[in-house]
1. Given the pairs Lys199/Lys295; Lys70/Lys94; Lys49/Lys87; Lys70/Lys233, which span a C-alpha to C-alpha distance of over 25 angstrom in this model?
2. Can you grab the distance from the C-alpha centre of segment 300-324 to the C-alpha centre of segment 239-280, Å, no decimals?
3. Taking the Cα-to-Cβ direction at Arg330 and at Lys83 and moving 7 Å from each Cα, how far apart do the two end points lie in nm?
4. Using alpha carbon centroids, what distance separates segment 184-220 and segment 21-64, in Å?
5. Nearest 0.05, what FRET efficiency do Lys94 and Ser289 give at R0 = 30 Å with Cβ-Cβ as r?
6. For a paramagnetic label modelled at 7 Å from the Cα of Asn302 toward its Cβ, which residues of segment 239-271 fall within the zone defined by backbone nitrogen distances under 18 Å?
7. Calculate the spin-label point distance for Ile230 paired with Asp193, positioning each point 7 Å from the Cα along the beta-carbon direction, and give it in nanometres.
8. Using 7 Å Cα-to-Cβ label points, what is the Asn346/Ala38 separation (nm, one decimal)?
Amino acid sequence: MRGFRFSDYKPGDTPKGGFDELLKLFSELLNYTSGDAAEALSWLNELDKQYKLTNNDYGIGNFIDDLKDKGYLTEDNQSGEFKITAKTEQTIRKSALDEIFGKLKKSGRGNHNSNQSGIGEEKNADRREYSFGDSLDQIDMTASIQNAQINHGIGDFTLTDRDLEVEEKDFKTLTSTVLMIDISHSMILYGEDRITPAKKVAMALAELIKTKYPKDTLDIVVFGNDAWPISVKDLPYLQVGPYHTNTYAGLELAADLLRRRKTHNKQIFMITDGKPTCLKENGKYYKNSMGLDRKVINKTLNMAAQCKRLKIPITTFMIAKDPYLQQFVRQFTEINGGRAFYSSLNGLGEYIFEDYIKNRRKTVK
């Protein structure tokens, strides 16, 4: 019989500087450089000097050659400019998905079950007695036979409808989601980078929907002084601008996109620091960054109410801690009938993933 030989693990024995290890780091750096390959490589080179990421057999030059040979990087022959490819963009999305969804599976923050259940596609832990109209494949025969033995004894086996035990199931529905990302200047103020985690969450969510829920739809809207849709392909290059926060325009565009979707389940996820400061009226911008301007706030709250009438719940992921901003978000959420999470940047992805998976499950009795 073949056996196994075990030895002590020594971290120093792990080979350093391989292509796969450097690719993970390079992909992470691209998130911070907004897809600027040259800047990411420059940072990687500095990190190599400081932490000795490579070895004598494989250096950063070899890594760059491999990036080009494997289709992750292109170089302009005239200018020498490096650009990432579609393959690299997908690698970044997959890396973000593994990072966020991996944490979610380990942490057990929630089991994603809906509050109610019925005939559906996925079993859950709920049990009940059989009632007329239940599907036969819902009956747990092992538990039902055990019930019959307890209720009637094992001498003369009898099974009645009172003994039958039914397993509940969750019903999954198609869902259309708009993810709104605040790209106003406040998303990088006070020494805190809020836009990079937001981008990573968007890329991970897009990759999750594409691979696991391909019939669902995801639209991405960014909002500053104005609001406009972007594609998943644009996400690695997204940057904060010298903008105010026109939350109204973002919600208006998101609601318009969802009106065109034929699905019954529609929702908006909004990542913001929670302070609307801008409107656009008759081609001109009305701005007030000093606080919660009554004119701006009232119009934003009216849009929240309009989304409620359209049966579009808004889940706000608030990444600022100011009490007066949180008070506004609570009022906004109450008017819309949605939800609000006051999340740190580290937990942002886990909250969004849990809420997305939970919301796409519907109960049918």
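1. Numbers: Lys199/Lys295 30 Å; Lys70/Lys94 17 Å; Lys49/Lys87 28 Å; Lys70/Lys233 20 Å.
Check vs 25 Å cut-off fails for Lys199/Lys295; Lys49/Lys87.
2. When both Cα centres are located, 10 Å separates them.
3. 5.0
4. After rounding, the separation between the Cα centres reads 23 Å.
5. Values: r = 38 Å, r/R0 = 1.26.
Efficiency, rounded to the nearest 0.05: 0.20.
6. Under cut-off, by backbone N: 246-256.
7. Result for the modelled spin labels: 1.5 nm.
8. In this crude spin-label approximation the distance works out to 3.6 nm.
The values are calculated or read from the model by the stated rules, or taken from the named source; none is laboratory data. Just so we're clear, the structure is a prediction, and the values are computed from it rather than from any experiment. Positions of Cβ are generated from backbone atoms using ideal geometry, with glycine treated the same way; all protein chains shown enter the neighbour counts. To get the accessible areas, we keep the full protein, side chains included, count just its heavy atoms, and leave off ligands, DNA and RNA. Shrake-Rupley method; radii C 1.70, N 1.55, O 1.52, S 1.80 Å.
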